[in-house]
Amino acid sequence: MIQIGITGIAGRMGKLLAEEVAAAGCTLAGGTGRGDDPRALFAASDVVIDFTHAHAAPLHAALAAEFGKGLVLGSSGLSAAEEAAVAEAAQHAPIVYAANFATGVNLVIAMAEKLAAALPGAQYDAEIVEMHHRQKVDAPSGTAVAMGRAVARGRGTTLEEAGRESGRDGHTGARGTGTIGFAALRGGQVVGEHTLLFAAGSEHIALTHRSFDRRAYATGAVRAAQWLKGRPPGLYSMNDVLGLA
C-alpha cells in the first residue's frame with residue numbers, strides 16, 4: 001500500500017489532502033508543520049505531496065532526489081530559479097509538478113492548446129481573466145500562466161516570445177498582435193475562476209472553469225501520488241497522470 005506524506009498537514013489544503021488520502025485507501029505516512037524538519041517525512045513516505053510555499057519547493061525537491069521518493073508539487077508562484085531546481089531534482093526522482101491539480105482545469109488547458117492552434121494570433125486576441133480570494137499572494141495565478149503557455153504552444157511559440165500584456169493602466173497604446181493578455185482579480189473568498197477568451201472581429205470564443213471547493217485539488221493530487229509510485233525519475237505533469245500527454 002502506498003505511503004503518502006503531506007507537508008503543511010495542519011493547513012487548509014493539508015487537512016483536505018489527509019482526508020483524501022484516507023478516502024483513496026492509502027496510508028498517511030505523516031506530515032510536517034511550520035518549522036518541522038521534513039527529512040523524516042521523506043524517509044517514511046513513498047510519495048510526498050507539497051502544497052506549501054514556492055520557496056520550500058527546491059528543498060522538498062532536493063529531498064525527494066536524495067531519498068529517491070516521489071513528489072507531487074502543487075505550490076504556485078515559483079520563480080525561474082526555483083523551477084530550475086525542481087527540474088534538476090527530477091533527474092533523480094519522479095516529480096509531478098502542476099499549476100493546478102483539478103481534473104477539469106487540466107482538460108481546459110488541453111483544449112486551450114488545441115483551440116489556439118486553430119485560431120491564429122493575427123486574427124484572434126487571447127485574453128485570460130482569473131479571480132481568486134483576497135489572500136492569494138501571486139498574480140497572475142499559476143493556472144492562468146499555464147493557460148497562457150498552452151496558447152503559446154498551440155501557436156508554435158512560447159509565452160515569453162509571444163509577449164505578455166497585463167496591468168494595463170493609462171495610455172497604453174494599441175494591443176500588441178499575437179500577445180497574450182492577463183487580468184487578475186482579487187476579492188472575497190473565491191476559490192478560483194479562470195476564463196480564456198479568444199476575441200476576433202466577428203466572434204468571441206470563451207473557455208471557463210470555476211472551482212467551488214479546494215477538495216478538487218486535493219483529489220487530483222492524491223490521484224497523482226498514486227500514479228507516481230514506481231515511476232522512473234522525471235518531471236511529469238497532470239497531462240501524464242490523466243493520459244493526455
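The values are calculated or read from the model by the stated rules, or taken from the named source; none is laboratory data. None of these values were measured; they are calculated from a predicted model. All Cβ positions, even for glycine, are placed from backbone atoms using ideal geometry, and neighbour counts span all protein chains on display. Surface areas here come from the heavy atoms of the whole protein model, side chains and all, with no ligands, DNA or RNA. Shrake-Rupley method; radii C 1.70, N 1.55, O 1.52, S 1.80 Å.
Just the number, please: carbon plus sulfur as a percent of the accessible area of the stretch 4-151, 1.4 Å probe, no ligands or DNA/RNA counted.
Ligands and nucleic acids excluded, carbon and sulfur reach 56 percent.
Calculate, in whole percent, how much of the Cα-Cα pair population of the stretch 65-212 lies beyond 23 Å.
The answer is 41 percent, as a whole percent.
Against the longest principal axis of the chain, how steep is helix 103-118, in degrees 0 to 90 to the nearest 10, with axes from Cα atoms?
For 103-118 against the chain, the angle is about 40 degrees.
Placing one identical point scatterer on every Cα of the stretch 17-141 and ignoring solvent, what is log10 I(q)/I(0) from the Debye formula at q = 0.13 Å⁻¹?
For the stretch 17-141 at q = 0.13 Å⁻¹, log10 I(q)/I(0) is -0.66.
Tell me the per residue accessible area of the stretch 1-85 using a 1.4 Å probe; a whole number in Å² is fine.
43 Å²
How far apart, in nm, are two points set 7 Å out from the Cα along the Cα-to-Cβ line at Asp138 and at Ser202?
Label-label distance for Asp138 and Ser202, simple model: 4.0 nm.
Just to confirm, what accessible area per residue do you get for the stretch 141-202 at 1.4 Å probe, in whole Å²?
Result: 49 Å² of accessible area for each residue.
Using a ≥ b ≥ c from the Cα gyration tensor of the stretch 183-245 (square roots of the eigenvalues), is it rounded, prolate or oblate, where a/c under 1.5 gives rounded and otherwise the larger of a/b and b/c decides, a/b for prolate?
Oblate.
Using a 1.4 angstrom probe and counting only protein chains, how large is the accessible area of Tyr124 in Å², to 10?
40 Å²
Explain nothing, just compute: Karplus ³J(HN,Hα) = 6.51 cos²θ - 1.76 cosθ + 1.60, θ = phi - 60°, for every residue of the stretch 178-190 in order, whole Hz, x for Gly and Pro.
Couplings: x, 6, 10, x, 10, 9, 10, 10, 9, x, x, 10, 5 Hz.
Pop a pseudo-label 7 angstrom from the Cα along the beta-carbon direction at both Thr27 and Val191 and give the gap in nm to one decimal.
Calculated label separation equals 3.1 nm.
Across the stretch 205-216, in residue order, what do the Karplus-derived ³J(HN,Hα) couplings come to in whole Hz, using 6.51 cos²θ - 1.76 cosθ + 1.60 with θ = phi - 60° and x for Gly and Pro?
Taking θ as phi minus 60°, the curve returns 10, 10, 10, 10, 10, 10, 9, 10, 8, 5, 4, 4 Hz for the stretch 205-216.
Sketch the reach of a paramagnetic label on Thr157 as a point 7 Å from Cα along Cα-to-Cβ, and name the residues of the stretch 180-202 whose backbone nitrogen lies under 15 Å away.
In the stretch 180-202, the label zone of Thr157 (backbone N under 15 Å from the point 7 Å along Cα→Cβ) covers 180-182.
Ratio of alpha-carbon Rg to the 2.2 N^0.38 Å globular estimate for the stretch 104-185, to two decimals, please.
Rounded to two decimals, the normalised Rg is 1.09.
For Gly192, list long-range residues whose amide hydrogen, built 1.01 Å from N in the peptide plane, is under 5 Å from its own amide hydrogen.
So Gly192 has HN proximity to Ser211.
Given a 1.4 angstrom probe, I'd like the percentage of the accessible area of the stretch 170-245 that is carbon and sulfur, rounded to a whole number.
Percent of accessible area from carbon and sulfur atoms in the stretch 170-245: 52.
So how far apart, in nm, are the two label points at Thr172 and Glu88 if each is 7 Å from Cα heading toward Cβ?
3.6 nm
Which angle from 0 to 90°, rounded to the nearest 10, does the C-alpha axis of helix 80-89 make with the longest principal axis of the chain?
40 degrees
Counting only residues 5 or more places away or on other chains, whose amide H sits under 5 Å from the amide H of Gly5 once H atoms are built in the peptide plane?
Ala29, Asp46, Val47, Val48, Ile49
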